[in-house]
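These notes are about the structure you will find just below.
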Amino acid sequence: MASVSLSEAEKVYIVHGVQEDLRVDGRGCEDYRCIEVETDVVSNTSGSARVKLGHTDILVGVKAEMGTPKLEKPDEGYLEFFVDCSANATPEFEGRGGDDLGTEITNTLYRMFSSRSSVDLQSLCISPREHCWVLYVDVLLLECGGNLFDAISLAVKAALFNTRIPKVRVLEDEEGSKDIELSDDPYDCMQLSVESVPCVVTLCKIGCRHVVDATLQEEACSLASLLVAVTSSGVVTCMRKVGRGSLDPESIFEMMETGKRAGKLLHTALQDVLHKEESLGPRRQKVGFLG
């Protein structure tokens, strides 16, 4: 993960500021930086989104392809995640430098979506045991400015909201063989419900307090963080501790409660932006560099 070098004086300044609920950029401990969300930014995908959170820039593309259901879940489709840590994001990702981080993010995404309630996978099934939709979710890290997991979870949810899956019909002839008929109407599509898709809230322990949406400088002052996946109703679906430091049970409970509050606000703001963009339709002006 991208890192910065700070002097002891700088670390003391950041830690003391957090204790007074006043961070270097003027935010409080539970405040997020400005978040920019743009959907439908890549033309050759089924759905895409770009999220900028401070200096963190994430691009996600979703591609829907037909596949065969897994043996243990014959009546469901499934999602596959791939994470690419671009060397442009930070020199530390050159060569195979970003592989470990990419694997860590991928495993976290699989864990987030392991709950059957996160996405209706049965709606992706075309013909049980034979055909289903497979959603390939590609995550590209364009720039690292702290708080990667939160930004990635927002981008994945926005891209899935933007995903359009063509409607198909299964036709069976007299001999019992089945054919798949794809609708000729490009607007005859199915849209996934992302209401239950969780977002990650990362809480960094700095001194005796914790903060959300930490910058790179604040992450350098933290020895332990808690990743909390929260749904729009405030339900925690999974948690994970990162960092070499330890967290006492009381701190974990407090961080969970903060994560629930921040997560619900995050979901509400994201849903408002997504529905507003969708209501504009083709009249929406694309401002991203891929528009």
Please give every one of the lysines within straight-line cross-link reach of K178, meaning a C-alpha to C-alpha distance under 29 Å, and leave out same-chain neighbours fewer than 8 residues apart. K63, K70, K73, K167
My understanding is that a pair violates if its Cα-Cα distance is over 22 Å; which of K11/K260; K52/K157; K205/K241 do that in this structure? K11/K260
Can you work out the base-10 log of I(q)/I(0) for the chain at q = 0.10, 0.11, 0.16 1/Å, using the Debye formula on its C-alpha atoms alone? -0.57, -0.68, -1.30
Suppose we look only past 21 Å in the calculated P(r) of the range 165-231. What percent of the Cα-Cα pairs does that tail hold? 59 percent
Gain upon complete extension [S246, C189; 0.36 nm per residue less C-alpha separation]: 15.7 nm
Could you do me a favour and compute the accessible area per residue for the chain, 1.4 Å probe, result in Å²? 51 Å²
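Quick one: putting +1 on the C-beta of Lys and Arg, -1 on the C-beta of Asp and Glu, what dipole do you get for the chain around its Cα centre, in Debye to the nearest 20?
Here the chain has a charge dipole of around 640 debye.
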Please give the Cα centre distance for the range 106-150 versus the range 152-224, rounded to the nearest Å. 6 Å
Take the solvent-accessible surface of the protein heavy atoms, probe 1.4 Å, and return the percent of it on the range 1-159 that carbon and sulfur atoms account for. 48 percent
Quick one: give the max-minus-min coordinate of the C-alpha atoms of the range 149-291 along each principal axis, largest first, in Å. 69, 42, 25
Express in nm, to one decimal, how much length is gained between A269 and A87 on full extension, taking 0.36 nm for each residue of separation and deducting their alpha carbon distance. 62.4 nm
E104-Y13 pseudo-label distance in nm [points 7 Å out on the Cα-to-Cβ vector]: 2.7 nm
Structure-based [θ]222 nm, the chain - -39500 (n - 2.57) summed over DSSP H runs of at least 4, per residue, nearest 500: -9000 deg cm²/dmol
So for the range 28-280, averaging the separation of alpha carbon pairs under 8 Å that are six or more residues apart and normalising by length, what relative contact order in percent results? 20 percent
If you stretched the chain out fully between R111 and E181, how much longer would it get, using 0.36 nm times the residue separation minus the C-alpha to C-alpha distance? 21.8 nm
Calculate the tail of P(r) for the range 1-145: the fraction of all Cα-Cα distances greater than 23 Å, expressed in %. 53 percent
If unit charges are put on Cβ atoms (+1 for Lys and Arg, -1 for Asp and Glu) and the dipole of the chain is taken about its Cα centre, the option from V51, I252, A87 lying farthest towards the positive end turns out to be I252
Going from most exposed to least, what order do K260, K241 have by accessible area with a 1.4 Å probe? K241, K260
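The values are calculated or read from the model by the stated rules, or taken from the named source; none is laboratory data. All figures in this text were calculated on a predicted structure; none of them were measured in a lab. Note that we place each Cβ from the backbone using ideal geometry, even for glycine, and neighbour counts take in every protein chain shown. Note: accessible area is taken over every heavy atom of the protein model, side chains too, but ligands, DNA and RNA are not part of it. Shrake-Rupley method; radii C 1.70, N 1.55, O 1.52, S 1.80 Å.
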